[in-house]
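Notes follow the structure.
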Amino acid sequence: MKAEYTKEQIWKLYEKLPDDLKEAVFAEKTADDIYSICTRNNIEEAKIPEVARLTGNVLLGILPPEEFRNTLKKELNLEKDIVEKIGFQIERIIFFPVKKELNEIYTMKTTPKSSVEEKAKTNKKDVYREPIE
């Protein structure tokens, strides 16, 4: 179940990202890290661009981080132990430095507006209530 996005749709998603995520998407270091993680774990050369695409999808807000490893396993047909190793390394090296920003974009996507508004209401102190003693 691979959702296809046009270049225009991806560009629109990119434009809405926080600056740290924008930087991570196109950073040479990100590409180098993905390549090095894949080669260290004996991922065949032809599959490295797919690992990079899936990593980019997480950074763009397309693929939730918690689905990253399962998607790697399913789409690339990799052994579970290899998926665990590269998943852990990519999460630690690439996703962790932008964890706050990733949490923000995925929280915004999954939290219904009414729920956000409800939280805002419940966090306000009611000045009309008397304290209970």
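Annotations
- Among the residues of segment 15-72, those that are part of a helix (DSSP H, G or I) and either in contact with a Ser or Thr (Cβ under 7 Å, 6 or more places away or on another chain) or of a type in the set (Gly, Ala, Ser) (or both) comprise ALA24, ALA31, ILE34, SER36, ALA46, ALA52, LEU54, GLY56.
- The sole residue among ILE86, ILE105 that is at pLDDT 95 or above, surrounded by 12 or more Cβ atoms within 10 Å (Cβ to Cβ) and of a type in the set (Val, Ile, Thr) is ILE86.
The values are calculated or read from the model by the stated rules, or taken from the named source; none is laboratory data. The structure displayed is predicted, hence computed values, not measured ones. Neighbour counts are summed over all protein chains in view; Cβ atoms, including those assigned to glycine, are modelled from backbone coordinates with ideal geometry.
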